[in-house]
Structures are given as structure tokens and as C-alpha cells.
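Take a look at the structure set out below.
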Amino acid sequence: MAEYFIINGGKKLEGEITIGVAKNAALKILAASVLSSEPVKFAKLPEIEDISRMKELLFDLGAKFLPDNNLDSSKIKKTNLNYDIASRFRASIVLTGPLLAKFGSVSFPHPGGCTLGKRPIDFFIEGFKALGAKVKRNGDIFTVLAKKLVGNKFVFPVVSVTGTENLMMAATLAAGKTILKNAACEPEIENLAQFLNSLGAKISGAGTSKIEIEGVKNINGGSWNGIPDRIEAGTFIILAVASRGNIKIKNCNPDHLEVLLSLLQKAGANLEIGVDYVIVKPVRNLKAIDVKTREYPGLATDLQAPLTVLLTQASGISLVHETIYDGRLFYTDILNQMGADIIMADPHRVIVRGPSKLRGKKIHSPDIRAGMALIIAAIISQGQSIIDNIYQIDRGYEKIEKRLQSLGADIKRVKS
């Protein structure tokens, strides 16, 4: 049954909102648990669609969830990822490394998810080959085989978060030492390494561009307490600034958002930054700024769309440069339909002229992050907006309408 949001914009937002467990960390920890023959306990998992899909994949392989959020992967009986499930979300690819390392084989479709889903997987294939695996392709299905992975050096030609995570997990049970260079440095990668080390792995350098993994024979059981979702935190901070709200964002790690917070202050935002919170206070005028996405610790590409919505409310001309993904600026056509003044200079750059009075519109959510950005646009618009294809938004944000209602937003979920 299809669902959509109805949003009546222009409402004053205020109050507190608590940041949940990081989606991009939890998905990789679930995958890493496959390496262990003992149960792994999760203190909390986000209640979002991507987590549900990952659980479905694990169930299909033979893993079981025990009481109290314990995952038991000891009963896994097969290593071919279910096509219908895996092709629906990008993070399915991170199961391939652990399955290959543990069982010596894995079969999977090209991962999907959203309009950005069909991203290259060359890094995974070349990385597995570097560790001694053989790769075959039959149509859209890849099969990787290796009796025993062997440590090696692999240099990423381009920084890749999921590539780094996947090869780090694969190398955990490989014979000898693996060195990953030009590795991604995201906090989720460092958290994954800390988790694996707590289970008996030997990983050093995570959080830097050079990671070393000394292969071990076994991975034990353990537990994971989660880390705050920095993308969700950044998104709610941007929402608060754009709506001129008075909002406290709790249970976040501002150290993971230093570039974003600096940019917002440059634009004129009034922020009080604590150890684990950010308070946004309303300001009358915002100034245009230029922004450029980068790998961590730069501005996260997942915050680019919400930030672009904010810049439609700033005085002057802003340049937004998306350096990570192709096609990630096409949602700006929808913002223009709502009254924004955005010119696409090329597929990676747009020019935003503000401030613009946005108007409610019936719109379609193209992907997770752009979908959330359109919710922000609808909240600060005059009139009513209808947003469909909200499954994409549910993939990344837990109970989003209820949490926004708690701040005073007029948003409701409708089933058609």
C-alpha cells in the first residue's frame, strides 16, 4: 500500500529532538556479525526500512535474531544473496566481504536502492581479486570464490566508504597482513574497526587513510552500543536554521559535523555547540555561502541536499558543488517548481539565488537524502505540499513524521 506525506508549511518549530543510532554504522555492524560464530548483541537498531531489508537478507541466509536483539549467524547455510532483497538497497553489498571471508564464496546481484543506487562496484571486485579471490559474472549476478583469502596491499583509486568497510571485513579472516591505502576515514569506519577488534580482530589505522589488518582465525561474539547518526543530526540542524526554529538537537557528536557547523555559522546561523548537543536559535537573515562536498572530514554529500534548501533562504548567490556522486543535484528541478531560483551550471554544480519564497507543491521523493530535503522545503513553504514515494525517506529516517510533529510541524502520513 502506497503512502505519502501531507505537509502544511509555515509553522513555527521549537523544542528538542533526539538523534538516533547511525544508519550507516548499524548496517555495517549487522554485516560484520556474519564473521562471528557466536551471538552479537545490539543495544539499539534504527527502525528504518534499510535495517529491515538487511535483517531480511540475514534471515534468508539462515541467521536468526534471538531475544534481546541478539543476532546469531552460526546457522547460515547459504551464501547467495536474495536477488529481490539485495537489489533494493545499496548496503547489501557489505555482506559480500564477510560471507566470502567466512565461507569462501558469495553470490550477489548489483546492489540497488534509489536513483543513486546503481553506483560502480569495481572497488569491491578488484579488492577481492587482490586478496586472492576469483570473480565470475553472469548477467547481473556476480560470484566470488576463494578457498582462503590472503592478505595483500590494495590502493583505492578513489576514496570509497563501503569499499573500505567491505575489504576491511574481508581481510579480518584472511591469512597474513592486508594494507588498505587511500582508505575512507568516516567515523562509521573507525567504529566498525573498534567493534571488530572487540570481537578479536586486529585492525589498526581505521579513521586514517592507511588501515592495516592482521588476519585472525576466529571472530568471537560481543556487543555493539551504537553511535549517533551524524547525517540525521546535521539534517535536523539545517532544518532548524532554515525554519528559523528554536530547537535543541540532542545525543549527537558535534565533532563529526565541524565543517557543516562552520559553514552554517558563516551563513549567519546562531548555534550553541555543546559536547553532545547543538542548540539552534532563530535568526532573521542568512547570507549566501559556497559549499563543496568532500570525503570525511569534509562536508558530507548526504547533507548537500538539505543545505541547498537552506541556501534558497539566504540572501545572495551561492554555489553548490557536488563532487562525490553524479546526478545528485537533479532534485533542484523540484525546488524550482516550488519557487526556488536555482540554475544548473553542470551535472555537479548549481547556482542558488536567494532568498526565495517557496510554495507548497505535489512532489516525488527521488532518494533518501533529497526526499528529506524536500520535507524541509515543504515545512518552510507557504501552503500545502504532498510528497509521495516516501519509502525512500523511510529507508533512512525513523518515524520521521512523529518526530517532526513533536517540534510543531504540520505533517501527517496518509495511506492510499
Breaking point among (1) more than 18 Å from the chain's Cα centre (by Cα); (2) within 23 Å of P297 (Cα to Cα), for A201 = (2)
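Out of curiosity, is G339 at pLDDT 95 or above, on the phi > 0 side of the Ramachandran plot and of a type outside the set (D, E)?
Criteria met by G339.
State all residues of the range 39-59 that are among the β-branched types (V, I, T) and either part of a helix (DSSP H, G or I) or surrounded by fewer than 19 Cβ atoms within 10 Å (Cβ to Cβ) (or both); if no residue qualifies, say none.
Let us first name the residues in the range 39-59 that are among the β-branched types (V, I, T), namely 40, 48, 51.
Result: I51, single match.
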Would you mind stating whether G396 is assigned to a loop (DSSP other than H, G, I, E, B), small (G, A, S) and either touching a residue at least 60 places away in the same chain (Cβ under 8 Å) or assigned by TED's automatic domain parsing to the domain that holds I237 (or both)?
-> yes
Residues located in the range 318-374, provided they are surrounded by fewer than 23 Cβ atoms within 10 Å (Cβ to Cβ), within 24 Å of G298 (Cβ to Cβ) and among the charged types (D, E, K, R) = E322, D326, D346, R349
Of the conditions (1) surrounded by fewer than 17 Cβ atoms within 10 Å (Cβ to Cβ); (2) in the same structural domain as K41 (by TED's automatic domain parsing); (3) within 25 Å of the chain's Cα centre (by Cα); (4) touching a residue at least 40 places away in the same chain (Cβ under 8 Å), the single one that I213 does not satisfy is (1)
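Only one of these is without any contact (Cβ under 8 Å) to a residue 60 or more places away in the chain, of a type outside the set (D, E, K, R), touching a His at 6+ places or on another chain (Cβ under 9 Å) and buried (at least 19 other Cβ atoms within 10 Å of the Cβ): F108, F128, F123, F142. Name it.
On the way: F108 fails: touching a His at 6+ places or on another chain (Cβ under 9 Å); F128 fails: touching a His at 6+ places or on another chain (Cβ under 9 Å); F123 fails: touching a His at 6+ places or on another chain (Cβ under 9 Å).
The match here is F142.
What number of residues within the range 170-207 are among the charged types (D, E, K, R) and touching an Asp or Glu at 6+ places or on another chain (Cβ under 9 Å)?
4
Working carefully through the options K292, K250, find the one that is surrounded by fewer than 18 Cβ atoms within 10 Å (Cβ to Cβ), touching a residue at least 60 places away in the same chain (Cβ under 8 Å) and among the charged types (D, E, K, R).
Values: K292 fails: touching a residue at least 60 places away in the same chain (Cβ under 8 Å).
From the options K292, K250, the qualifying one is K250.
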Kindly check whether there is at least one residue in the range 146-160 that is of a type in the set (A, V, I, L, M), closer than 24 Å to K41 by Cβ and buried (at least 19 other Cβ atoms within 10 Å of the Cβ).
-> no
Hey, can you tell me all the residues within the range 65-97 that are surrounded by fewer than 22 Cβ atoms within 10 Å (Cβ to Cβ), within 16 Å of G222 (Cα to Cα) and modelled with pLDDT of 95 or more?
-> D72
For T162, all conditions in the list (1) in a loop (DSSP other than H, G, I, E, B); (2) at pLDDT below 95; (3) under 25 Å from the mean Cα position of the chain (by Cα); (4) closer than 24 Å to S36 by Cα hold save one; what is the number of the exception?
-> (1)
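The values are calculated or read from the model by the stated rules, or taken from the named source; none is laboratory data. Quick caveat: nothing in here was measured; it's all calculated off a predicted structure. Heads up, the Cβs are rebuilt from the backbone with ideal geometry, glycines too, and the neighbour counts pull from every protein chain shown.
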